[in-house]
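**Student:** One structure coming up, written as C-alpha cells, with questions to follow.
The values are calculated or read from the model by the stated rules, or taken from the named source; none is laboratory data. In this text, all values refer to a predicted model and were calculated from it rather than measured experimentally. So basically every Cβ, Gly included, is an ideal-geometry build from the backbone, and we count neighbours across all protein chains shown. Note: areas computed on protein heavy atoms with side chains; ligands, DNA, RNA excluded. Shrake-Rupley method; radii C 1.70, N 1.55, O 1.52, S 1.80 Å.
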Amino acid sequence: MSADPVTSGITRDEVAHLARLARLAVTDAELDVFATQLDVILGAVARVGEVAADDIPPTSHAVPLRNVFRPDERHPGLDQEQALAGAPAAEDGRFRVPRILGEE
Amino acid sequence: MSELIRLTAAELAEKIHSREVSAVEVAQAHLDRIAAVDGTVHAFLHVASEAALVSAALVDDGLAAGVAPASPLAGVPLALKDVFTTIDMPTTAGSKILSGWRPPYDATLTTRLRAAGVTILGKTNMDEFAMGSSTEYSAYGPTRNPWATARIPGGSGGGSAAALAAFEAPLAVGTDTGGSVRQPAAMTGTVGVKPTYGGVSRYGLIACASSLDQGGPCARTVGDAALLHEVIAGYDPLDSTSIDEPVPAVVAAARLGASGDLSGVRVGVIRELGGEGYQAGVRSSFDAAVVQLQKLGAEIVEVSCPHFEYGLAAYYLILPSEVSSNLARFDAMRYGLRVGTGASAEEVMAATREAGFGPEVKRRIILGTYALSSGYYDAYYGQAQKVRTLIARDFAAAFTHADVLVSPTAPTTAFPIGDKVDDPLAMYLNDLATIPTNLAGTAALSVPSGLADDGLPVGLQVMAPALGEAVMYRVAAAYEAARDAEDGGPLIHRVPEVPA
C-alpha cells in the first residue's frame with residue numbers, strides 16, 4: 001500500500017486484504033458494504049491531517065506509563081481446571097487446538 | 001408495584017441500615033420490577049435473582065447481629081454492565097463470541113461491589129465490546145429507552161442507563177471510552193460519570209480501547225453517583241494504569257453542592273461545543289443551564305478549545321487501532337466461541353471471528369488494521385496521537401481560566417431505533433462533545449438539564465481536570481438541586497410508565 005494516504009480512499013481489494021490480516025473471513029456482501037462505509041469514515045478521520053503538528057509530541061496514554069512491580073512471592077492463581085473451564089476444546093489438561101504449522 | 005423502587009440509593013441505604021426494611025425486600029422489589037418491565041426495556045442480559053437475594057440476606061444477617069454495614073451502600077441493588085467479569089454470572093460484552101462464557105475471576109470493580117455489600121441484580125446490555133452509541137450493536141438485541149420505547153437509550157451503556165430510568169435498579173455501573181456512560185445518561189434523564197483515567201480499576205474490564213476505557217458510576221441523582229464513586233474508585237495494583245492517589249472526596253463535595261451556593265466557582269463555556277450540529281432543543285436547554293449556574297453564584301467565562309473539532313477524527317483512528325490489537329485475543333483457542341473444523345488454526349480463527357463479531361466490531365478492526373499499516377501509520381495513527389496532545393493542551397489552558405467546563409452532553413436527544421444503524425459516521429457524531437475528555441484522560445459527568453421541545457431528556461456535561469472530581473460533583477449537585485426546586489421534583493419522576 002502506498003499513495004498519498006490523506007487524499008486517497010480505500011478500495012474493496014484493500015478491505016479484503018485488511019480483513020485477511022485481521023483474521024476475519026468476511027463475505028462478499030460484507031466487503032461491498034464495508035468498502036463503501038470505510039471510505040466515508042476514512043474521508044472524515046483524514047481531517048487530522050489538517051492540523052499542523054510536526055513539532056508536537058504524540059500522546060499514547062493520558063497518564064505516564066511506568067512499570068509496576070510486585071514482591072516476588074507465591075500467591076494463588078488459576079488452577080488447571082479453572083484455566084481450561086472456558087476452552088472450546090481441551091484434552092489431557094491442555095488446550096486442544098487445530099494445526100498451527102502449515103504444510104507450506 | 002412497590003414504592004421502594006422509586007427511592008434513591010441513599011434513601012434505600014438509610015432504610016436498610018436502620019432496619020426499617022430489609023435488603024431482601026429491596027432486592028425482591030427490584031427483581032419484581034425487572035420481571036414486569038424488562039420484557040419491553042431489555043436492559044438486562046442476565047438477571048441473577050438467586051445470587052442477589054443471597055447477597056442481600058447476608059447484609060440483613062449482619063445488621064441483625066449488630067455488625068456495622070460494610071459500606072454506605074450495603075444492601076442497595078445495582079445493575080452491572082456486562083463488560084465486567086463476574087465469576088458467578090455469564091459475561092458477554094454484548095458479543096456472540098463470548099456467548100455463555102463464565103469468567104474464571106472477578107473484575108476488581110466486581111470484588112469491590114461485593115465487599116461493599118452491594119446487591120448485584122444482574123448484567124446489563126451494551127453495544128458489542130462497547131462499540132456504539134445506541135446499544136443497537138448488541139448481539140442480543142437493542143435496549144429501549146423508557147422515555148419513548150421506540151427510541152434508543154444511548155450507548156454503549158444503554159442497558160445500565162435504561163435500568164435506572166425504568167426503576168429496575170437505583171444504581172448501575174458503566175464504562176466510558178468516548179461517552180458510553182455520559183451519552184446514555186443524557187438520553188435517559190439520569191446521571192453518568194466518567195472518572196479520571198486511572199481512577200477506577202480496569203482489571204477484569206473487557207477492553208475496548210485500553211488508553212481510553214474507564215468504568216464509572218450511573219445513578220438517578222448526583223449524590224447517589226458520588227456514593228457509588230467512592231465504593232468503586234481507588235488504587236489497584238492489578239491495573240498498571242491505576243492512579244496511586246487518594247480518591248477525591250466526592251460525597252462531601254456533592255453534599256456541599258446540594259446546599260446551592262457556587263460563589264467563587266468559575267464555569268467555562270466551551271465556544272467550540274454547542275453550536276452547529278446541535279439540536280435546537282438541546283441548545284436552549286444548555287443555555288438555560290448556564291443561566292441557572294450563574295444564578296447559583298458561579299462566574300461564567302467563555303473559553304476556546306480550538307482542537308476539539310479534530311477530536312472525533314483523532315478518536316476514530318486511535319480507538320480502532322487499539323481495538324484491532326485488543327480483539328486479537330479472541331482467537332477461538334482458549335475461551336469463547338469456536339466455529340468450523342478447518343484444517344488450520346488460521347482458518348478456524350477467521351471463521352470464528354467472522355461468525356462471532358458483529359458489523360461494527362468488524363468495521364473498527366479493519367479500520368484499525370488500516371491505520372496501523374506500514375505506510376499509513378504516520379499519517380493516521382501517529383498524527384492522531386499528536387492531535388491528542390493538542391486536545392490535552394486545550395483542556396489545560398481552559399482550566400487556567402475555569403474550575404469546570406460545561407457543554408451539552410450529546411448533540412441531540414434520543415433518536416428512533418434503526419435511524420443510524422447503517423450510517424456509522426452519523427452514529428459517531430453522537431460522541432462529539434464527550435470524546436475530548438477521554439482523549440485527555442480528564443473527568444466529566446452528565447446531569448439531566450430538563451426536557452427538550454420534543455419531550456425527551458437532555459444532559460448537561462460538566463468537565464473537570466484530572467482528579468478534579470470534587471468540584472465537578474459540587475457544581476452538578478448544586479445545579480440538580482436548583483433544577484429540582486424549580487421543577488417541583490426530580491426530572492426522572494416524569495418518565496412515563498413503561499408499556500408492558
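**Student:** Under the condition of being open to solvent by less than 10 Å² (accessible area, probe 1.4 Å) and in a helix (DSSP H, G or I), which residue from the range B:258-284 is nearest to B:PHE395 (Cα to Cα)?
**Tutor:** Among those residues, the one meeting the criterion is B:VAL282.
**Student:** Identify all residues within the range A:65-101 that are of a type in the set (A, V, I, L, M, F, W, C), under 17 Å from B:ILE87 (Cβ atoms), under 26 Å from the mean Cα position of the chain (by Cα) and part of a loop (DSSP other than H, G, I, E, B); write none if there are none.
**Tutor:** At the first step, the residues of the range A:65-101 found to be of a type in the set (A, V, I, L, M, F, W, C) are A:65, A:68-69, A:78, A:83-85, A:87, A:89-90, A:95, A:97, A:100-101.
Filter once more, so that each one left must be under 17 Å from B:ILE87 (Cβ atoms): A:78, A:83-85, A:87.
Pick out the ones that are also under 26 Å from the mean Cα position of the chain (by Cα) and you get A:83-85, A:87.
Within the range A:65-101, A:ALA85, A:ALA87 qualify.
**Student:** Here's something else I'd like to know. Which residue is nearest to B:GLY155 (Cα to Cα), if the candidates are limited to the range B:81-112 and must be in contact with a helix residue (DSSP H, G or I) (Cβ under 7 Å, 6 or more places away or on another chain) and not in a loop (DSSP other than H, G, I, E, B)?
**Tutor:** Per the stated criteria, the residue is B:LYS81.
**Student:** Quick one: B:LEU80 ticks every box in (1) open to solvent by 10 Å² or more (accessible area, probe 1.4 Å); (2) in contact (Cβ under 8 Å) with a residue 24 or more places away in the chain bar one, so which box is it?
**Tutor:** The one condition B:LEU80 does not meet is (1).
**Student:** For B:ALA148, are the conditions met, namely being touching a helix residue (DSSP H, G or I) at 6+ places or on another chain (Cβ under 6 Å) and under 30 Å from B:GLY455 (Cα atoms)? So that I can check it myself, show each step before the final result.
**Tutor:** Numbers: touching a helix residue (DSSP H, G or I) at 6+ places or on another chain (Cβ under 6 Å): no; under 30 Å from B:GLY455 (Cα atoms): yes.
No: the conditions fail for B:ALA148.
**Student:** Is one or more of the residues making up the range B:37-52 within 21 Å of B:GLY141 (Cα to Cα) and either open to solvent by 60 Å² or more (accessible area, probe 1.4 Å) or over 22 Å from the mean Cα position of the chain (by Cα) (or both)? Give the derivation first.
**Tutor:** Here is the first cut: in the range B:37-52, the residues within 21 Å of B:GLY141 (Cα to Cα) are B:37-48.
Filter again for either open to solvent by 60 Å² or more (accessible area, probe 1.4 Å) or over 22 Å from the mean Cα position of the chain (by Cα) (or both), leaving B:39.
Yes, the range B:37-52 has at least one match.
**Student:** Filter the range B:334-365 for residues that are in contact (Cβ under 8 Å) with a residue 40 or more places away in the chain and more than 15 Å from A:ALA89 (Cα to Cα) and give the result.
**Tutor:** Step one: of the range B:334-365, the residues in contact (Cβ under 8 Å) with a residue 40 or more places away in the chain are B:335-337, B:352-353, B:355-361, B:363-365.
B:ARG353, B:ALA355, B:GLY356, B:PHE357, B:GLY358, B:PRO359, B:GLU360, B:VAL361, B:ARG363, B:ARG364, B:ILE365, listed by residue number.
**Student:** Moving on. Restricting to the range B:380-410, what's the tally of residues that are more than 8 Å from chain A (Cβ to nearest Cβ) and either more than 30 Å from B:ALA477 (Cβ to Cβ) or open to solvent by less than 10 Å² (accessible area, probe 1.4 Å) (or both)? Break it down stepwise before answering.
**Tutor:** Pass one, the range B:380-410, residues more than 8 Å from chain A (Cβ to nearest Cβ): B:381, B:391, B:393-410.
Add one more test, that the residue is either more than 30 Å from B:ALA477 (Cβ to Cβ) or open to solvent by less than 10 Å² (accessible area, probe 1.4 Å) (or both), and what stays is B:381, B:391, B:395, B:398, B:402, B:404-410.
Within the range B:380-410, residues that are more than 8 Å from chain A (Cβ to nearest Cβ) and either more than 30 Å from B:ALA477 (Cβ to Cβ) or open to solvent by less than 10 Å² (accessible area, probe 1.4 Å) (or both) number 12.
**Student:** Could you tell me which of the residues A:ASP39, A:ASP54, A:ASP32 is in contact (Cβ under 8 Å) with a residue 12 or more places away in the chain, among the acidic types (Asp, Glu) and more than 23 Å from B:ALA209 (Cα to Cα)? Give the derivation first.
**Tutor:** On the way: A:ASP39 fails: more than 23 Å from B:ALA209 (Cα to Cα); A:ASP54 fails: in contact (Cβ under 8 Å) with a residue 12 or more places away in the chain.
Unique residue meeting the criteria: A:ASP32.
For every residue, the table says whether it meets (1) at pLDDT below 95; (2) aliphatic (A, V, I, L, M).
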{"residue": "B:SER2", "(1), (2)": "yes, no"}
{"residue": "B:ILE5", "(1), (2)": "no, yes"}
{"residue": "B:HIS30", "(1), (2)": "no, no"}
{"residue": "B:THR40", "(1), (2)": "no, no"}
{"residue": "B:ALA52", "(1), (2)": "no, yes"}
{"residue": "B:ALA57", "(1), (2)": "no, yes"}
{"residue": "B:ALA64", "(1), (2)": "no, yes"}
{"residue": "B:ALA79", "(1), (2)": "no, yes"}
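**Student:** It is to be established whether one or more residues within the range A:73-81 are among the small types (Gly, Ala, Ser) and open to solvent by less than 50 Å² (accessible area, probe 1.4 Å). Walk me through how you get there before you give the answer.
**Tutor:** Going residue by residue through the range A:73-81, those that are among the small types (Gly, Ala, Ser) are A:77.
Still in the running and open to solvent by less than 50 Å² (accessible area, probe 1.4 Å): none.
No - not one qualifying residue is present in the range A:73-81.
**Student:** Which residues, counting only those in the range B:131-183, are touching a His at 6+ places or on another chain (Cβ under 7 Å) and β-branched (Val, Ile, Thr)?
**Tutor:** B:THR143
**Student:** Taking the criterion of being more than 29 Å from B:ALA23 (Cα to Cα), open to solvent by 10 Å² or more (accessible area, probe 1.4 Å) and not hydrophobic (A, V, I, L, M, F, W, C), would at least one residue in the range B:114-126 satisfy it?
**Tutor:** Within the range B:114-126, none of the residues are more than 29 Å from B:ALA23 (Cα to Cα), open to solvent by 10 Å² or more (accessible area, probe 1.4 Å) and not hydrophobic (A, V, I, L, M, F, W, C).
**Student:** Also, I was wondering about something else. Just give me the residues in the range B:348-377 being closer than 12 Å to A:LEU24 by Cβ, more than 7 Å from chain A (Cβ to nearest Cβ) and open to solvent by 20 Å² or more (accessible area, probe 1.4 Å), in sequence order.
**Tutor:** Residues satisfying the conditions are B:ALA355, B:PRO359.
**Student:** From the list B:THR221, B:THR196, exactly one residue is surrounded by 24 or more Cβ atoms within 10 Å (Cβ to Cβ) and within 24 Å of B:VAL323 (Cβ to Cβ). Which is it?
**Tutor:** Values: B:THR221 fails: within 24 Å of B:VAL323 (Cβ to Cβ).
None of the other options fit; the residue is B:THR196.
**Student:** Scan the range A:36-64 for residues that are assigned to a loop (DSSP other than H, G, I, E, B), at the interface with another protein chain (Cβ under 7 Å from one of its Cβ atoms) and not small (Gly, Ala, Ser) and jot them down. Step through it out loud before you land on a result.
**Tutor:** Of the range A:36-64, the ones assigned to a loop (DSSP other than H, G, I, E, B) are A:51-64.
Among the residues that remain, those that are also at the interface with another protein chain (Cβ under 7 Å from one of its Cβ atoms) are: A:51, A:53, A:56-63.
Once the filter is applied, which keeps residues that are assigned to a loop (DSSP other than H, G, I, E, B), at the interface with another protein chain (Cβ under 7 Å from one of its Cβ atoms) and not small (Gly, Ala, Ser), the range A:36-64 yields A:VAL51, A:ILE56, A:PRO57, A:PRO58, A:THR59, A:HIS61, A:VAL63.
**Student:** It is to be established whether one or more residues within the range A:21-31 are at pLDDT below 95, part of a loop (DSSP other than H, G, I, E, B) and open to solvent by less than 40 Å² (accessible area, probe 1.4 Å). Give the derivation first.
**Tutor:** Of the residues in the range A:21-31, the ones at pLDDT below 95 are none.
The answer is no; no qualifying residue exists.
**Student:** Hey, another quick one. Read through the list (1) assigned to a loop (DSSP other than H, G, I, E, B); (2) acidic (Asp, Glu); (3) within 21 Å of B:LEU121 (Cα to Cα), then give the number of the only condition that B:ASP224 fails.
**Tutor:** In the conditions (1) assigned to a loop (DSSP other than H, G, I, E, B); (2) acidic (Asp, Glu); (3) within 21 Å of B:LEU121 (Cα to Cα), B:ASP224 misses (1) alone.
**Student:** Check B:ASN430 against each of (1) surrounded by fewer than 21 Cβ atoms within 10 Å (Cβ to Cβ); (2) in the same structural domain as B:VAL37 (by TED's automatic domain parsing) and name the one condition it does not meet.
**Tutor:** (1)
**Student:** Another question, then. Conditions first: (1) touching an Asp or Glu at 6+ places or on another chain (Cβ under 6 Å); (2) over 15 Å from B:ALA51 (Cβ atoms). B:ILE87 passes all but one, so which condition is the exception?
**Tutor:** Result: B:ILE87 passes all but (2).
**Student:** Within the range B:313-345, which residues are outside any loop (DSSP other than H, G, I, E, B), surrounded by fewer than 20 Cβ atoms within 10 Å (Cβ to Cβ) and within 7 Å of another protein chain (Cβ to nearest Cβ)? Can you show your working first?
**Tutor:** Initially, the range B:313-345 is screened for residues outside any loop (DSSP other than H, G, I, E, B), giving B:313-329, B:344-345.
Adding the requirement that they be surrounded by fewer than 20 Cβ atoms within 10 Å (Cβ to Cβ) leaves B:325-326, B:328-329, B:344-345.
Answer for the range B:313-345, where residues must be outside any loop (DSSP other than H, G, I, E, B), surrounded by fewer than 20 Cβ atoms within 10 Å (Cβ to Cβ) and within 7 Å of another protein chain (Cβ to nearest Cβ): B:SER344, B:ALA345.
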